[in-house]
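Asker: Quick one: structure below, then a few questions.
The values are calculated or read from the model by the stated rules, or taken from the named source; none is laboratory data. Only a predicted model underlies this, so the values are computations on that prediction, with no experimental measurement involved. Because the Cβ atoms are built from the backbone with ideal geometry, glycine has one as well, and the counts that use them run over all protein chains shown. Side chains included, ligands, DNA and RNA excluded: accessible areas come from the protein's heavy atoms. Shrake-Rupley method; radii C 1.70, N 1.55, O 1.52, S 1.80 Å.
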There are 2 protein chains.
Amino acid sequence: MGTDEMLAVAVREARTGLASGGIPVGAALFGPDGDLWGSGHNRRVQDDDPTIHGETAAFRAAGRRRSYRGTTMVTTLSPCWYCSGLIRQFGITAVLIGESHTFTGGHDWLAAHGTTITILNDPECVDMMTTFISTHPTLWSEDIGD
Amino acid sequence: MGTDEMLAVAVREARTGLASGGIPVGAALFGPDGDLWGSGHNRRVQDDDPTIHGETAAFRAAGRRRSYRGTTMVTTLSPCWYCSGLIRQFGITAVLIGESHTFTGGHDWLAAHGTTITILNDPECVDMMTTFISTHPTLWSEDIGD
């Protein structure tokens, strides 16, 4: 599966989240062989749960795993410190990021600690978050503790 | 509430988790006025959910909040990178740590970024984790992605 198809899974999750009134950040975790382990989207609004960001939702959906060596996390948005910490702690090998224009989290820090970071600068991801942040600034600030 | 009483809430959570077959790490989040916002324990085993560490459980139990300024997270064990990232992203002001002898996560990094870190070197916390790690080494390794 190419990066475009992997990102498409995360974008689909983000759009599903947006359609149910939530924050449009989606993510997916792929195993070393490129198989989809799990995907998910931010559920702060839907579940009243501040711990469920796109990346943690995908990680949770992937279930319990003995190792994350060789895995790739795809996310529509640069991972915040919370999600960057998850990626570092569990040794997720690579992160594909839809965009880091509207928000920049810890991806440089991850790169400095050995994670392979690719930023795709995807216009659809930028548009989605730009629109969301401008229409829901308070909710977005809440989600990133700003 | 003093630090001993705050730690006792986290220890109680850890012991509850241990009694239900889980990993004995507990945590609690206290508001600026010292009121308990939420507490919880690691639930990897109980819920088959790798995202629920002690600190994320306490954060979740506290519900949606507009600001974490002035809050204190109490945890029985030094927070891993995942939980350290949570603490940094949401600007939790202070972290009380039962012990960092059996595991050291990101508390020095947090201190460098302005979080007030206090390590209590609590013998009960050290004993609890020392026993757990020696009797469940594989489960513990799984929980920290080791």
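Asker: Taking each label point as 7 Å beyond Cα in the direction of the beta carbon, state the distances from B:G70 to the same residue in the other copies, shortest first, in nm.
Answerer: Sorted ascending, the copy-to-copy spacings read 5.2 nm.
Asker: Total accessible area buried between chains A and B, 1.4 Å probe, in Å² to the nearest 100?
Answerer: So the total buried area for this chain pair works out to about 3000 Å².
Asker: For chain A, which DSSP H helices look membrane-span-like by this rule: Cα extent along the axis of 20 Å or more and mean Kyte-Doolittle of at least -0.5?
Answerer: Qualifying helices, which must be both long enough and hydrophobic enough, are A:3-19.
Asker: Would you calculate the separation in nanometres between label points at A:D33 and B:A112, each defined as 7 Å from the Cα along the Cα-to-beta-carbon direction?
Answerer: Label at A:D33, label at B:A112, 4.0 nm between them.
Asker: Between the alpha-carbon centers of the stretch B:120-146 and the stretch A:74-134, tell me the distance in whole angstrom.
Answerer: 31
Asker: Over all residues in A:39-49, what is the mean tally of Cβ atoms on other chains that come within 10 Å of each residue's Cβ?
Answerer: 1
Asker: Checking a compactness column here: for the stretch B:45-146, what do you get for Rg(Cα) / (2.2 N^0.38 Å), N being the number of residues?
Answerer: Cα Rg divided by the expected 2.2 N^0.38 Å: 1.07.
Asker: Evaluate the charge dipole of chain B about its Cα centre and quote only its size in Debye, nearest 20, assuming +1 on the Cβ of each Lys and Arg and -1 on the Cβ of each Asp and Glu.
Answerer: Roughly 580 debye, rounded to the nearest 20.
Asker: Given points 7 Å out from each Cα along the Cα-Cβ axis, report the A:S141 to B:N121 separation in nanometres with one decimal.
Answerer: 4.3
Asker: Ranking request for peptides B:111-118, A:14-21: highest mean number of other beta-carbon atoms within 10 Å first, then the rest in descending order.
Answerer: My ranking of the peptides, most packed first, is A:14-21, B:111-118.
Asker: Okay, moving on. Of the listed peptides A:128-135, A:49-56, A:37-44, what is their order by residue-averaged count of other C-beta atoms within 10 Å, with the highest listed first?
Answerer: Taking the mean over residues of other Cβ atoms within 10 Å, the ranking is A:49-56, A:37-44, A:128-135.
Asker: To the nearest whole number, what is the average tally of beta carbon atoms from other chains within 10 Å of the beta carbons of peptide A:85-94?
Answerer: Mean inter-chain Cβ contacts per residue within 10 Å come to 6.
Asker: Right, next: Note down the magnitude of the dipole of the protein assembly as shown about its Cα centre, charges +1 on Lys and Arg C-beta and -1 on Asp and Glu C-beta and zero elsewhere, to the nearest 20 debye.
Answerer: Charge dipole of the protein assembly as shown: 160 debye, to the nearest 20.
Asker: Put a dot 7 Å past each Cα toward the Cβ at B:D48 and B:R12; how far apart are the dots in nm?
Answerer: Spacing of the two 7 Å Cα→Cβ label points: 3.1 nm.
Asker: Farthest toward the dipole's positive end in the stretch A:15-104, which of A:T72, A:I52, A:Q89, given Cβ charges of +1 (Lys, Arg) and -1 (Asp, Glu) about the Cα centre?
Answerer: A:Q89
Asker: Next question. Using a Förster distance of 51 angstrom, determine the FRET efficiency expected from the C-beta separation of A:R66 and B:R64, and round it to 0.05.
Answerer: Computed FRET efficiency for A:R66 and B:R64: 0.95.
Asker: While we're here: Using only Cα atoms, what Kirkwood radius does the protein assembly as shown have, in angstroms?
Answerer: 18.9
Asker: Sort shortest first the distances from B:T104 to its counterpart in every other copy, using label points 7 Å along the Cα-to-beta-carbon line, and give them in nm.
Answerer: The projected label point of B:T104 is separated from its counterparts by 3.0 nm.
Asker: Tell me what chain B gives for mean residue ellipticity at 222 nm when only DSSP H runs of n ≥ 4 count, each as -39,500 (n - 2.57), the sum divided by the residue total, rounded to 500 deg cm²/dmol.
Answerer: -12500 deg cm²/dmol
Asker: I would also like to ask the following. Taking B:I144 in one copy and the same position in all the others, each labelled 7 Å out along Cα→Cβ, what are the pairwise distances from the first, in nm, shortest first?
Answerer: Values, ascending and in nm: 3.1.
Asker: Just the ratio, please: alpha-carbon radius of gyration of the stretch B:1-110 over 2.2 N^0.38 Å, N its number of residues.
Answerer: For the stretch B:1-110, the normalised Cα radius of gyration comes out at 0.95.
Asker: Name the nearest-to-axis residue of chain A, judged by Cβ distance to the rotation axis taking chain A onto chain B, and quote that distance in whole Å.
Answerer: Closest Cβ to the A-to-B rotation axis, residue and whole-Å distance: A:G85, 1.
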